[in-house]
1. Under the condition of being within 14 Å of the ligand (Cβ to nearest atom) and in a loop (DSSP other than H, G, I, E, B), which residue from the stretch 118-160 is nearest to Val10 (Cα to Cα)?
2. With Arg163, Arg78 as the choices, which residue is part of a loop (DSSP other than H, G, I, E, B), open to solvent by 20 Å² or more (accessible area, probe 1.4 Å) and without any contact (Cβ under 8 Å) to a residue 60 or more places away in the chain?
3. Here is a list of conditions, (1) modelled with pLDDT of 95 or more; (2) part of a loop (DSSP other than H, G, I, E, B); (3) more than 16 Å from the ligand (Cβ to nearest atom); (4) open to solvent by 70 Å² or more (accessible area, probe 1.4 Å), and Lys198 meets all of them except one; can you say which number that is?
4. Looking only at the stretch 106-149, which residues are without any contact (Cβ under 8 Å) to a residue 12 or more places away in the chain and open to solvent by less than 30 Å² (accessible area, probe 1.4 Å)?
5. Lys33 is checked against (1) within 11 Å of the ligand (Cβ to nearest atom); (2) open to solvent by 10 Å² or more (accessible area, probe 1.4 Å) and fails just one. What number does that condition carry?
6. Determine which member of the set Leu57, Leu102 is at pLDDT 95 or above and within 11 Å of the ligand (Cβ to nearest atom).
7. Do you know which residues across the stretch 45-62 are part of a helix (DSSP H, G or I) and open to solvent by 40 Å² or more (accessible area, probe 1.4 Å)?
8. Which count do you get for residues in the stretch 63-75 that are closer than 13 Å to Arg26 by Cα and open to solvent by less than 10 Å² (accessible area, probe 1.4 Å)?
Amino acid sequence: MKVIKLGGSVITNKRKPLTYRSYVTRRIARELKDERRLIVIHGGGSFGHYIVKKYGLNRKGFCLTRYYMEVLNNLVVRDFLKENVLCTGISTFSLINKDLNLNPILKLLNSNIVPIIFGDIIIENNEYRIVSGDALTVEIANKLNIETIIFLVDVDGILDQNRNVIKRVNINDINDNIFFKTSNATGGMREKINQIKKLRRGVVYILNGLKKGLLYDLLKGREVICTKIFIK
Ligand code: IP8
């Protein structure tokens, strides 16, 4: 089984509020179509992050963030269905009650339906909290012992200080000598690595989701430009 995280910077244009990239999502759906057992998770991009920044973590911000993340999720699900990837959306808000309830996800997997989950805003101890798609990816991978975790991002992988892609690295060898560019409501690449450090097993690929064919080639076992991170 594999888990694929579609970065918000891939499926939306982060420079333009509420701008969804349908053609990118459809191409990704076509590239992963042959996979049998798959969980897809997507980020917030210019939907969730834009709204959280604009309205903050309060009652109105909660409602608007939930609404726009549902809108984005519906667009992703619509485009996967257009490409004949049988899937359905599930919100993280509805899965979390202190712990993450995996039953709806398992039920879908048993029916050969791809669950499409997303980074979300939740209420915990009467406070509003953002759950990033990356944190969710790691938690699900750990709980289901998933060996292959793929993060689709808008760069070619983790870059060193000279901005060259680090091709293979052990998670324990990732230190501050890397180039951190992105930042958003949930922290960008630095926070992504902090989350990946919580994985208990498996291999992580950080791959450019904006470049055509890379995901397809990776899933077919071919060598592609990306960062491959070994967990243990
Ligand atoms: O884009 C955050 O998910 P991420 C989702 O994976 C929200 O960090 C609601 C901003």
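1. Here the residue is Asp154.
2. Arg163
3. Here Lys198 clears every test but (3).
4. Matches in the stretch 106-149: none.
5. That leaves (1) as the condition not met.
6. Leu57
7. Tyr50, Lys53, Lys54, Tyr55, Arg59, Lys60
8. Number of matching residues: 0.
The values are calculated or read from the model by the stated rules, or taken from the named source; none is laboratory data. Computed from a prediction, not measured in an experiment: that's the story for all the values here. Cβ: placed from backbone, ideal geometry, glycine included. Neighbour counts: every protein chain shown. Surface accessibility is based on the protein's heavy atoms, side chains included, excluding ligands, DNA and RNA. Shrake-Rupley method; radii C 1.70, N 1.55, O 1.52, S 1.80 Å.
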